[in-house]
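Read through the structure below, which is laid out as structure tokens, and then see the notes.
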Amino acid sequence: MPTVRTLSKGQIVIPAGIRKRYHIEPGTEMQIMEYGGIIYLIPPVEDPIKAACGLLPPKPSLGERLLKERKKEFR
């Protein structure tokens, strides 16, 4: 478990490995919570909708499907 020290303004430096693992960059907002004498630093949660975007293959648009059906009808 890494150990950190507080700086003069109460700042801490998060170890590089942890910053990389959680994609924490300069300016990233974090949530801080205290519970039961323990301080939790919570990284931002990625929007699940944005994260899932692009996972499924794209479907043809309605226009493309209608054109395809019309071509079948005229054959």
Residues of the range 14-42 being in contact with a helix residue (DSSP H, G or I) (Cβ under 9 Å, 6 or more places away or on another chain) and either part of a helix (DSSP H, G or I) or surrounded by 10 or more Cβ atoms within 10 Å (Cβ to Cβ) (or both), which ones? ILE24, THR28
Please identify the pairs in which a residue from the range 55-75 that is among the charged types (D, E, K, R) has its Cβ atom under 8 Å from the Cβ atom of a residue that is surrounded by 10 or more Cβ atoms within 10 Å (Cβ to Cβ) and modelled with pLDDT under 85, counting only partners at least 6 apart or on another chain. LYS68/PRO60
If a residue must be of a type in the set (A, V, I, L, M) and over 13 Å from the mean Cα position of the chain (by Cα), how many such residues does the range 43-75 contain? 5
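The values are calculated or read from the model by the stated rules, or taken from the named source; none is laboratory data. Note that the coordinates shown come from a computational prediction; the quantities given were computed from them, not determined experimentally. Glycine gets a Cβ as well: all are built from the backbone with ideal geometry, and neighbour counts include every protein chain shown.
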